[in-house]
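Here's the structure we're looking at; comments come further down.
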Amino acid sequence: MQRYFVPSEQFADDAVALLGDDAHHASRVMRMRVGDSFIVSDGAGREAIAKVTDIAAGRVDATIEELLASDREPAWQITIAQSLPKGDKMELIIQKGTEIGAYAFVPFESERMIVQYDAKKEAKRLERWEKIAKEAAEQAHRSRIPDIAKPLSWKQLVGSMKEYDLVLFCYEEEGRSGADTGLRGAVEPFATRRDLRALVIVGPEGGFTEQEASQAQAAGAVLVGLGKRILRTETAGIVALTALLYESGEMGGL
């Protein structure tokens, strides 16, 4: 059954309206007719089965038939902090991370970042990222859309680490040194937690500097490698997210 996310103001107790692109998709792409049903969510956990009652230009109205239990979200809230990569890599990270189960994304600036950050284009870029997250959440039948923060400076990111129960700093030097305990070792003390708030920090194409690693560690982050191989920046966060969800029991782990 097709799923749509709508703003809460379009989602009443007994009715819902699809507008704009969603209405076009429902009426023209999916060719829905009066009497057809779809799943609707407000992106924050409330969802229901709705039945189409009227179709007009740019609008599809439906009645709420049945409220659904929201049980598709991981117990652990895992945020991916990603140093801004070049090209459209951030779009891939958001799309795949959303499908897998990321709670939120925090783009940030770091010393070896290759891309030239342009604050003037921030609003347009955030709008694009939010659209990608919405479409990926619909495709994956999630109950909520991950939050996407405005890009932070490195100093702002370090200052935010205290908000999380566990902060993992993905650092290739840990894997190379042979001293890395890996994600499992870092997560082990939290094995019985069902409400863990974790932050996974991923560097840019050029990696992190030793100073950044030291600053993160001083702020409470655990330095971890992701194996003996060097992963691309768009791969590292997805691998770490999947491993953490496995360890949480989401995929048959702990």
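The values are calculated or read from the model by the stated rules, or taken from the named source; none is laboratory data. Bear in mind that the values here come from a model prediction, so they are computed numbers and not experimental data. Reconstructed Cβ throughout: ideal geometry from the backbone, glycine too, with neighbour counts over all protein chains shown. The area values use the complete protein model at the heavy-atom level, side chains included, leaving out ligands, DNA and RNA. Shrake-Rupley method; radii C 1.70, N 1.55, O 1.52, S 1.80 Å.
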Response to the item:
Counted residues in segment 26-60 being buried (at least 17 other Cβ atoms within 10 Å of the Cβ) and part of a helix (DSSP H, G or I) come to 2
Discussion item. Out of everything in segment 61-80 that is assigned to a loop (DSSP other than H, G, I, E, B) and in contact with a strand residue (DSSP E or B) (Cβ under 8 Å, 6 or more places away or on another chain), what residue ends up being nearest to ASP165 (Cα to Cα)?
Written reply: TRP76
Practice prompt. Have a look at GLU99, GLU73, GLU91 and point out the one that is of a type in the set (Asp, Glu), within 16 Å of the chain's Cα centre (by Cα), under 29 Å from TYR246 (Cα atoms) and open to solvent by 60 Å² or more (accessible area, probe 1.4 Å).
Written response: GLU99
Item to complete: Provide a single number: the residues in segment 221-241 that are under 23 Å from LYS86 (Cα atoms), open to solvent by 20 Å² or more (accessible area, probe 1.4 Å) and of a type outside the set (A, V, I, L, M).
Response: 4
Discussion item. Given the condition modelled with pLDDT under 95, among the hydrophobic types (A, V, I, L, M, F, W, C) and either crowded, with 20+ Cβ neighbours inside 10 Å or in contact with a Pro (Cβ under 9 Å, 6 or more places away or on another chain) (or both), answer yes or no: does some residue in segment 202-211 qualify?
Written reply: yes
Practice prompt. From ARG194, ARG176, grab the single residue that is at pLDDT below 95, part of a loop (DSSP other than H, G, I, E, B) and surrounded by fewer than 19 Cβ atoms within 10 Å (Cβ to Cβ).
Written response: ARG194
Worksheet, complete the sentence: If we keep only residues of segment 1-36 that are charged (D, E, K, R) and under 16 Å from ALA136 (Cα atoms), then the residue modelled with the lowest pLDDT is ARG3
Discussion item. I need every pair where a residue in segment 22-51 that is on the phi > 0 side of the Ramachandran plot has its Cβ under 9 Å from the Cβ of a residue that is in a helix (DSSP H, G or I) and open to solvent by less than 40 Å² (accessible area, probe 1.4 Å), sequence separation at least 6 or different chains.
Written reply: GLY43/ALA137
Worksheet item: When you scan segment 129-169, how many residues do you find that are farther than 12 Å from ALA216 by Cα, touching a Gly at 6+ places or on another chain (Cβ under 9 Å) and assigned to a helix (DSSP H, G or I)?
Response: 4
